[in-house]
Amino acid sequence: MGGKVNPKHRVSFTKEKSGVEESKEAHWQLGNKHRKVDAVVRMMGLARYADDIKLPGMLHGKIKRSPHAHAEIKRIDLSKALALPGVHAAIDGKSMPTPYGVIPWTPDENALCIDKVCYVGDGIAAVAAESEDVANEALRLIEVDYKTLPAYFTPEDALHEDAEQINPYSRKKNLSKKVRLDFGDVDQSIDDAHLIIEGDYYFAGTTHAAIEPHCAVAYMEPNGVLTMWSSTQVSHYLHRELAKVLHYPANRIRVIQPPLGGAFGGKSEPFDLEFCAAKLAMETGRPVKFLYTREEVFYSHRGRHPMQMKYRTGFRKDGKITGVDAKTIIDGGAYSSFGLVTTYYSGQLLCAPYDFPTYRFNSTRAYTNKPACGPKRGHGSVQPRFAMECQLDKAAEKLSIDPIELRRRNFIGENTRTVNGFAVGSNGFLECLEKVEKASDWKKRYGKLPTGKGLGVAGSTYISGTNYCIYPNDMPQAAVQITLDRSGRARVFTGANDIGQGSNTMVAVIVSEELGLPLDDIRVISADSDLCPVDLGAYSSRITLMVGNACLQAAKRLRSLVRQATAEHWKTSAKNVTLCEGHAMDITDPEKSIPLAEAFQLAETKFGLLTAAGNYDTPKDRHGDYRGGTIGASPAYSFTAHVAEVEVDIETGHLTVNDVWVAHDCGKALSPMIVEGQMEGSVYMGLAEALMEEHKVDEELGGVHTGPSLLDYRLPTFQDTPEIHSFIVEHPDEQGPYGAKEAGEGPLHPIIPAIANAIYDAVGIRLDRTPFSPERILAALDAKKEASC
């Protein structure tokens with residue numbers, strides 16, 4: 001017999017919230033504070049990131065990049081570079097002519113440019129040499145002749161009928177994607193409204209600024225397997241595109257994601273360095289490493305799209321929305337990236353948490369001669385959320401309705417559908433509003449603070465994974481395999497990419513909860529295509545819901561086997577056996593308790609090797625029945641509310657955000673400390689976009705980036721960061737594991753409009769363009785002063 005265990009940890013009960021049965025038993029692990037499973041290794045400096053990989057005979061690769069924003073390539077001469085001692089190989093775009101793209105409908109990039117370059121920084125040729133210094137010298141020896149072409153740095157210029165085509169694979173000149181969807185009689189519903197609010201908004205492009213630059217190491221194994229270590233957040237999509245571009249069998253490619261030093265969406269598709277590393281490893285027979293400089297990270301970009309948004313919103317006298325009309329122009333940069341999805345997301349994800357009786361969005365994405373934009377935390381929906389929440393604030397003022405009350409009146413509800421047909425399950429938005437209203441003392445302080453100080457509110461929703469895979473197929477979106485060892489530990493194999501958000505910890509917590517194992521006895525092996533089942537990657541906040549459900553399914557299967565074998569040994573019913581705190585025990589007789597190692601041995605004796613797989617695929621009834629109706633649909637949606645308190649110096653225009661109150665409905669917090677970390681990280685990232693960030697090029701200098709370094713690209717420090725007060729709201733959703741929904745991206749959305757609305761409360765100016773710089777604040781104050789004269 002093992003030591004005694006408190007039976008109260010696993011007492012049968014049923015707890016319901018939002019109509020969802022949370023569990024058949026009390027949780028012994030869920031809801032506790034957990035350190036990340038890799039925290040100690042990272043803190044001790046023992047984690048081996050991609051750039052820490054050093055293999056015998058490894059070569060170093062570098063990419064030659066275009067100095068022109070738009071030009072034809074007339075000639076490339078690699079001979080002088082190849083003649084340089086220490087250079088082992090050099091390639092250009094003709095060595096990999098097959099175009100690729102993370103979205104299968106828009107393959108409009110080459111690993112290296114073939115006939116033309118589309119932005120300053122476009123890759124042209126690559127070398128592999130015995131050192132980085134030799135590789136850099138070889139790049140200088142590569143001769144390239146260009147014929148420069150007109151460059152277009154704004155969507156308006158690029159979409160002009162006389163503009164030359166930028167992307168060589170585009171089928172509609174410089175139009176990347178156009179979407180218009182109408183739901184109801186929008187014009188009539190707005191025209192008949194008591195109040196019409198019109199606004200023009202601009203959201204500046206921003207980048208991810210992850211600490212770790214992109215890095216890839218490739219090696220052709222003696223058995224013909226191409227192994228790639230990459231700082232990617234989408235191992236599976238990288239695996240697919242490597243096979244496609246290199247024309248190499250997918251079953252002869254292995255992709256491994258080492259520990260990652262941040263991504264935020266910036267590593268969610270293949271990049272030129274991965275293809276070049278693989279190709280040069282194949283040609284040389286030696287390992288090849290490519291590591292981006294910080295400047296290359298900025299030029300590779302794939303960050304937040306700049307968006308010009310024109311909104312027209314109708315309101316009844318009581319504050320209820322009658323209709324929303326949104327027109328958006330999107331600056332996509334030189335390539336599609338996720339742009340097809342971005343164009344849909346710019347409209348599709350706006351339809352909650354508020355009820356829109358009618359709605360139209362008309363979004364146009366253009367190619368421009370700038371670094372390509374892509375997905376950044378809160379992909380595609382942060383920008384329109386900024387516009388919509390400012391619209392609501394303006395309406396609240398005109399109607400003399402408290403801004404929080406106006407949002408309450410427009411609450412869409414739960415277990416309902418949006419105007420564009422998306423199924424919404426649990427919805428804790430009203431509780432989120434209540435939390436931040438109370439914590440900020442809103443009722444006593446809003447509109448009553450001294451001049452220069454103000455409060456602002458905003459709300460939002462976000463997806464918990466996309467309902468459909470990026471490439472059409474009927475296979476599961478997530479799978480997890482668990483094996484129990486007779487020594488009393490579990491091995492969890494998952495293809496999910498842990499990019500710092502804690503997904504490895506999430507699956508460990510679920511296994512611990514179901515099998516009663518301490519976290520230290522659970523080994524998580526992730527993101528290795530040779531060892532782990534396929535997972536689609538870390539994007540669209542999909543992992544908790546999708547991978548979590550797959551993990552829960554596998555863990556429950558093993559739990560059933562262990563309980564069954566232990567019950568047979570004790571000659572009792574399996575329903576009386578519980579697993580917790582490293583023991584199997586009989587809840588009807590606390591004296592019956594054995595270590596889990598013994599219970600696992602009993603189960604292995606009865607059933608053989610203890611292994612189980614779990615799969616997850618999305619329900620197919622969550623979207624609208626129209627073209628594009630699946631894009632933006634999700635199994636479940638999170639909800640968030642923010643209140644920001646700001647202080648504006650009217651003499652200097654300096655803006656200080658003193659406090660932010662954030663409440664987030666994550667369904668069920670599996671690990672509250674990690675959820676709070678995601679909430680606070682989201683606030684910080686949105687704060688940076690509101691106050692400082694702008695990823696831009698200098699048009700007068702031909703498209704050169706204005707500041708491709710962490711010295712020039714402004715980001716908040718600890719001194720700029722406000723006090724962040726986090727409130728977890730739990731409205732479990734039947735689609736999520738234990739009711740859990742996302743927490744990694746949704747909490748970012750409201751902070752930017754909340755700050756904008758707080759600025760208006762402080763000094764009476766509307767800032768409808770980001771970032772809210774001192775210069776912009778002073779200009780708005782001057783305009784207000786002139787208007788009052």
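Just a few scattered comments:
- Computed extension gain for residue 734 through residue 169, at 0.36 nm per residue and net of the alpha carbon distance, reaches 199.1 nm.
- Residue list for the stretch 345-373, given a label point 7 angstrom along the Cα-to-Cβ vector of residue 148 and an amide N cut-off under 18 Å: 369-371
- Between amide H atoms placed 1.01 Å from N, distances below 5 Å from residue 182 occur with no residue 5 or more places distant or on a separate chain.
- When the Cα convex hull of the stretch 632-789 is projected onto planes of every orientation, the mean area is 12.2 nm².
- Here the relative contact order of the chain, from alpha carbon pairs under 8 Å that lie six or more residues apart, stands at 16 percent.
- Across the protein chains, with a 1.4 Å probe defining accessible surface, the residues 789, 532 rank 789, 532 from largest area downward.
- Residue-count net charge about residue 245 - beta-carbon cut-off 11 Å; Lys, Arg +1, Asp, Glu -1: -1
- Residue-wise HN-Hα couplings along the stretch 600-617, as the Karplus relation 6.51 cos²θ - 1.76 cosθ + 1.60 with θ = phi - 60° gives them from phi, are 5, 5, 4, 5, 5, 4, 7, 10, x, 3, 8, 9, 8, 10, x, 10, 9, 9 Hz; Gly and Pro carry x.
- Taking the average, over residues, of other Cβ atoms within 10 Å as the packing measure, peptides 349-361, 164-176, 328-340, 371-383 rank 371-383, 328-340, 349-361, 164-176 from highest down.
- Sum of -39500 (n - 2.57) over DSSP H runs of 4+, divided by residues of the chain (222 nm, nearest 500): -8000 deg cm²/dmol
- Sites residue 445 and residue 575 - FRET efficiency at Förster radius 51 Å, r taken between beta-carbons, to 0.05: 0.40
- Computed from backbone phi with θ = phi - 60° and the Karplus coefficients 6.51, -1.76 and 1.60, the 3J(HN,Hα) list for the stretch 463-471 is 6, 10, x, 7, 5, 10, 5, 4, 10 Hz; x is used for glycine and proline.
- At 1.567 mPa s and 4 °C, Stokes diffusion of the chain via Kirkwood alpha-carbon radius, µm² per second: 47
- Subtracting the Cα-Cα distance of residue 54 and residue 33 from their residue separation scaled by 0.36 nm leaves 4.0 nm.
- Computed from backbone phi, the HN-Hα couplings of the stretch 125-142 come to 8, 9, 10, 10, 9, 6, 8, 5, 4, 5, 4, 5, 5, 5, 4, 5, 8, 6 Hz, rounded to whole numbers (Karplus: 6.51 cos²θ - 1.76 cosθ + 1.60, θ = phi - 60°; Gly and Pro given as x).
- Heavy-atom SASA rank of 115, 521 (probe 1.4 Å, accessible area, largest first): 115, 521
- Nonlocal amide H pairs with residue 729, under 5 Å, H built at 1.01 Å: 664, 665, 666
- Scanning residues 5 or more positions from residue 372 or on other chains, those with amide H under 5 Å from its amide H are 302, 334, 335, with H placed 1.01 Å from N in the peptide plane.
- In range of the label at residue 74: residues from the stretch 131-167 whose backbone nitrogen is under 18 Å from the point 7 Å along Cα→Cβ: 142-151
- Per-residue SASA remark: residue 34, around 10 Å² accessible (1.4 Å probe; ligands, DNA and RNA not included).
The values are calculated or read from the model by the stated rules, or taken from the named source; none is laboratory data. Quick caveat, the model's predicted, so the values are computed rather than measured. Note: ideal-geometry Cβ built from the backbone for every residue, glycine included; neighbour counts use all protein chains shown. Remember, those area values only see protein heavy atoms, side chains included, never the ligands or the DNA or RNA. Shrake-Rupley method; radii C 1.70, N 1.55, O 1.52, S 1.80 Å.
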